[in-house]
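> Can you keep this structure in mind? I'll have questions shortly.
Derivation of every value follows stated rules applied to the coordinates shown; laboratory data play no part. No experiment lies behind these values; they were computed from the predicted model shown. Quick reminder, even Gly has a Cβ in these numbers, built from the backbone with ideal geometry, and neighbours come from all protein chains shown.
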Amino acid sequence: MSGRSYGELPIRGGRGGGDRGGSRGRGDGGSSSRGSDRGYSGDRGRGSDRGGSRGGRIGSKGSSRMLTDPVEAPSSRVQDFEDQYAAESAKVRPVFNTLARRPGYGTQGRSIVLRANFFPMEFKPGIIFHSYRLKIKPEPKKGQQKFILESMLRKYPLFKKIGVATDGATEIVTTELLPKDSPSFICSMSNGDGHGSGSSKNYTGPWEATLNLEHSYSPADMIAAARDINLREELKDEAPSLRVLNILMSAYPFKDPGVCIIGKGRNKFFRMDRGKQSMDMRGGAEAVRGFFSSVRVCAGRIMINLNVSHGAFFTPGPLTKLLEEFMIIYKYDGELLSRWLRGLKVYAKHLSPRENGAGLQEKPIKSILGIASPNDGCGSSHPPVVPHLGSSASSVKFWKEDDKKYISVTDYFLITYNINLVHHKDMPVVNVGTRERPVYLPMEVCEILPGQPYKPDPITSQRQNMIKFSCRWPPQNYDSIMSEGLDILGISGGHTKAVGIKPGNQMVTVPARILGPPNLLYGGKKATSPRNGSWNLIGTKFAQGAQISKWTCFWIRKSGIEDPFKSPGSEMDAFYRKLRDHGLSLPVPSKPYLSVVLGSNDKENRDIIRAAFKKFVGVFPFVVVLLPTTEGKVFDFIKYAGDLKTGVLTHCMQSTKFLGANEQYLSNNAMKVNLKMGGCNQLLQPANARFIGAAKNTMVVGLDVTHPSSVDPEVFPSVAAIVASVDYRMGQWPGEVRAQIRRQEHIEFLKEMMLTRLKLWKDANKGNLPQNILVYRDGVSDGQFPMVLKEELPKIQEAAKAVYRESMPNITIVVCGKRHNVRFYPSNPKDQDRTSNPINGCVVDRGVTRPIYWDFYLQAQAPLQGSARPAHYIVIHDEIFTNSKVNTDRKPADVLQELTHSICYIMGRATRSISYSTPAFLADRFCDRARKYLLALWHESNQSISNPDKLQGAALSIASACQNSMVYI
């Protein structure tokens with residue numbers, strides 16, 4: 001299974017949607033083993049003392065070398081380079097339309113030293129890496145190309161004595177230049193045809209494979225450029241150079257058939273053999289522990305970032321088992337099942353094994369297009385007979401050319417393979433061909449290959465299981481990296497020397513600082529000082545309590561599910577008292593409460609909910625909804641009916657949690673209600689809000705774009721969200737969502753969305769517009785920074801030009817990244833919290849950052865369990881912090897870091913600091929809510945929408961009564 005790349009992992013942390021109550025938080029092939037045993041500089045040829053541990057050793061949070069391993073001081077050479085670079089950079093005039101320049105490094109906070117999960121890389125002196133592109137004639141199919149590539153790596157004579165690595169597709173990297181007249185490689189594959197139905201005549205060779213030199217890369221030149229204090233941009237050919245180095249670092253695991261390599265950069269490694277560390281997630285999925293690696297250019301050096309990674313994979317085994325698991329969760333939904341299975345690779349058990357490219361005997365592999373559809377082969381002279389989507393083996397018939405007649409899949413397997421199908425009537429057949437030329441297989445002859453990422457969005461129980469499995473103490477992850485991680489990449493055993501690379505086997509250390517928490521203000525000007533990133537609401541009124549004129553309860557029950565209480569009367573009374581205690585102004589809830597019972601028919605359920613909202617509209621601006629289960633379709637339609645169709649604001653809680661709820665649960669939900677109805681929960685003390693609280697003229701904005709998942713309908717668009725503060729207090733963050741072109745990264749309607757935010761600010765601030773606009777942009781990867789600068793900044797400026805009559809506002813854009821693999825580990829017991837994480841407020845802007853960027857890592861959150869993930873902030877454009885008229889403190893780096901840290905304490909729906917900037921977090925939540933709107937609309941339209949335009953424009957227009965509310969909270 002080495003090198004079988006099936007795509008990216010779909011799991012996205014704890015982005016649980018909804019407001020249902022409680023605090024949900026959030027290979028190489030062919031490279032020589034005869035590499036030099038003398039090593040490179042400083043290497044005396046000592047063997048690894050870490051062994052080849054591949055088991056499931058976990059250990060407790062305290063049993064680790066993390067705090068006992070020797071700690072070297074952070075590199076003074078690197079710090080000198082950073083200081084010199086910043087000093088020289090300050091002398092050079094900024095260049096228009098380039099990323100913001102780092103004004104210096106932060107100084108505030110208590111200084112500490114942390115380990116970072118980076119390992120310095122050395123290279124064989126004088127070595128040059130050569131990238132070749134593989135050309136194959138005639139053009140093979142994808143599976144055949146993999147066979148040809150693996151065969152070439154194993155058998156090509158010129159690869160026997162040099163280091164070789166591959167991306168698993170068409171790129172091959174060598175440590176020596178091949179002769180210009182290198183011979184072609186000729187190969188064929190054994191004919192293991194017989195797809196199971198139809199007559200497929202696949203070409204099986206011979207193929208001719210040739211190598212064309214694309215580029216050569218010198219690590220020495222890269223390092224020299226990285227140490228150039230005059231370089232103000234990325235290295236020449238940086239992206240392809242790093243791609244080549246990442247391919248080389250996958251050389252050793254590629255040779256191991258027990259390792260699965262996935263990811264666009266071939267940088268995620270999972271053991272799928274007896275050393276696999278996994279847990280059943282249910283629903284046909286398993287959680288597997290592996291490792292992520294990425295070669296990075298840092299301050300004056302090249303390092304490899306190595307981290308523990310957890311992924312969800314389809315559970316290998318019979319395809320029939322997967323269908324049974326699907327039915328438990330989704331019942332039978334043919335459209336969804338077909339999308340669910342698309343791209344899944346299976347062994348065809350009824351066919352004879354044949355030798356694969358790695359020289360191993362393996363059953364033929366087929367890729368599922370979907371389940372049998374009436375549209376299959378409709379253009380052929382004898383189209384198959386498929387009565388309906390997902391027809392069974394006995395119902396599906398195809399034309400057998402040899403006999404000049406139609407034959408069912410059931411009869412074909414009996415006659416041809418002597419297989420008497422068991423599920424010939426109760427399971428659909430799958431199409432492993434194309435839509436034009438379908439090839440049908442019964443599910444019971446298909447076996448799921450290991451190592452295939454689970455693409456469907458995980459349901460609640462699966463997400464909980466993944467969190468349970470992946471939630472580990474920092475010492476556990478540290479130990480895993482230092483043992484299994486270094487081993488799986490071949491670093492601890494010195495195997496990377498075969499390709500001319502020698503990474504260090506100790507993590508680097510970096511200087512860090514601990515920023516103090518801000519002070520928070522509640523009702524009655526009560527000040528609260530958080531400790532360990534948290535505080536409580538006992539005896540506390542919100543900073544501003546919302547006013548609710550009239551409200552009631554909508555009690556939803558489910559047929560066949562026993563409701564926990566006969567009536568929610570006493571619980572609603574307790575919730576009413578809690579809302580009053582926290583400062584909300586509202587009457588007792590109006591009775592009688594509306595109660596409905598839902599059945600198994602989704603359409604009928606929607607009709608029942610729709611009828612209920614018709615009774616609420618114009619009478620109740622706010623309704624508490626009690627849900628019987630966490631079933632997504634009901635929740636989605638409630639939000640769709642309330643937020644978009646009627647303007648009735650709703651707050652959902654699960655009945656089982658609401659029954660006998662404790663004070664904390666009620667307070668958690670009171671926070672959400674107050675925000676939704678226009679109140680403010682906690683505010684920053686003016687000193688902690690810096691110039692935002694002092695001058696009262698800065699609007700803070702959050703932006704995000706999310707894309708449809710692989711199992712969403714193909715017509716689903718991408719969604720962009722904006723949220724923004726309405727005044728200097730930063731207590732309310734209403735926003736707007738818009739659908740845009742599928743997979744488009746930049747925010748298409750940003751000008752229009754900014755105009756609505758500016759108008760709202762103006763209305764709330766006596767006709768005044770903000771003089772500063774601070775934007776936190778979520779969801780941007782490293783390679784997309786120029787896109788924000790060149791596509792989105794101009795749209796914000798255009799919006800400002802449309803409404804500002806005199807001086808334009810100062811605009812700063814900060815990208816907030818959370819999907820990275822940088823982690824920090826304490827090197828001293830006094831610098832860790834009770835979960836063995838660095839103390840929250842930890843900021844790192846040296847050692848593992850880039851001098852050419854203005855970036856820093858900030859861990860604002862104190863996790864209750866597991867390992868903390870710092871947020872990565874990169875300043876794209878700045879007119880605020882380096883502007884002495886706005887930031888009179890004149891310490892741009894410190895002020896931005898401290899302000900960003902403070903903003904992580906005002907999310908409003910929790911009494912804890914959050915892991916990244918509040919506006920970016922809220923924009924992310926609004927995107928998630930918009931996706932639920934789309935799903936509700938999709939089901940409301942009976943899945944009949946074929947034109948993507950119908951899901952854009954007005955499809956996500958919030959009802960006028962809710963447009964200025966935090967509907968998504």
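> So, in nm, how far is label GLN685 from label ARG93 when the simple model puts each one 7 Å beyond its Cα toward the Cβ?
Label at GLN685, label at ARG93, 4.5 nm between them.
> For segment 351-427, state which trypsin sites (Lys or Arg not before Pro) are in a DSSP loop and have at most 14 other beta carbons lying within 10 Å of their beta carbon.
LYS404, LYS425
> Compute, for the chain, the length of the dipole vector about the Cα centre, with Cβ point charges of +1 (Lys, Arg) and -1 (Asp, Glu) only. Units Debye, rounded to 20.
Here the size comes out at about 1540 debye.
> Sticking with this structure for a sec: Looking at this model, which pairs from LYS141/LYS264; LYS142/LYS633; LYS91/LYS801; LYS160/LYS497 are more than 26 angstrom apart at the alpha-carbon?
LYS142/LYS633; LYS91/LYS801
> Going by amide H atoms built from the backbone, whose H comes under 5 Å of the H on LEU389, apart from near neighbours?
Residues meeting the criterion, in which the H sits 1.01 Å from N, do not exist here.
> Roughly how many whole Å is it from the C-alpha centroid of segment 569-635 to that of segment 463-515?
Taking the Cα centre of each part, segment 569-635 and segment 463-515 sit 49 Å apart.
> Sticking with this structure for a sec: Between LEU389 and GLN943, with labels modelled 7 Å along Cα→Cβ, what's the label distance in nm to one decimal, could you check?
Reported label-point gap for LEU389 and GLN943 is 0.4 nm.
> Using +1 at the Cβ of each Lys and Arg and -1 at the Cβ of each Asp and Glu in segment 317-448, identify which of PHE413, ALA372, PRO383 lies farthest towards the dipole's positive end.
PRO383
> Which of the chymotrypsin sites (Phe, Trp or Tyr not before Pro) found in segment 299-374 are loop residues per DSSP with 13 or fewer other Cβ atoms within 10 Å of their Cβ?
Passing sites in segment 299-374 are TYR332.
> Another one. Using 0.36 nm times the number of residues separating ARG110 and GLU234, minus their current alpha carbon distance, what extension gain do you get?
Net length gain for the segment: 41.4 nm.
> Under 18 Å Cα to Cα from LYS455, which aspartates and glutamates show up? Leave out anything in the same chain fewer than 8 places away.
Leaving aside aspartates and glutamates fewer than 8 places away in the same chain, those within reach of LYS455 are GLU8, ASP280, GLU286, GLU324, GLU325, ASP333, GLU335, GLU447, ASP712, GLU714, ASP928.
> Ok, one more. What is the calculated FRET efficiency for GLU663 to GLU401, with r their C-beta to C-beta distance and R₀ = 56 Å, to the nearest 0.05?
For R0 = 56 Å, the calculated efficiency reads 0.15.
> Here is a further query. Quote the Stokes-Einstein diffusion coefficient, in whole µm² s⁻¹, for the chain, based on the Kirkwood radius over alpha carbon pairs, a temperature of 10 °C and a viscosity of 1.306 mPa s.
This corresponds to a translational diffusion coefficient of 52 µm²/s.
> Could I ask something else about it? How large is ³J(HN,Hα), in whole Hz, for each residue of segment 574-589 in order, when computed from phi with the Karplus curve 6.51 cos²θ - 1.76 cosθ + 1.60 and θ = phi - 60°, using x for Gly and Pro?
Once rounded to whole Hz, the list reads 5, 5, 4, 4, 5, 4, 5, 4, 8, x, 6, 9, 7, x, 5, x.
> Something else about it: Give, as a single signed number, the net charge of other residues whose beta carbon lies under 12 Å from the beta carbon of THR646, with Lys and Arg counted +1 and Asp and Glu -1.
Combined, the nearby Lys, Arg, Asp and Glu give +4.
> Around ALA936, under 9 Å between beta carbons, what's the net of Lys plus Arg minus Asp minus Glu among the other residues?
With Lys, Arg at +1 and Asp, Glu at -1, the neighbours total +2.
> Relative to the present Cα-Cα distance, how much length would full extension add between ARG227 and LYS468 at 0.36 nm per residue of separation?
Answer, rounded to one decimal: 82.5 nm.
> Residues with amide H under 5 Å of VAL822's amide H, sequence separation 5 or more or different chain, H placed in the peptide plane at 1.01 Å from N; which?
The list, which skips near neighbours in sequence, is empty: none.
> Right, something else. Greater than 20 Å separation of Cα atoms is the criterion. Which listed pairs, LYS550/LYS766; LYS161/LYS255; LYS541/LYS591; LYS591/LYS615; LYS672/LYS766; LYS645/LYS795, meet it?
LYS550/LYS766; LYS541/LYS591; LYS672/LYS766; LYS645/LYS795
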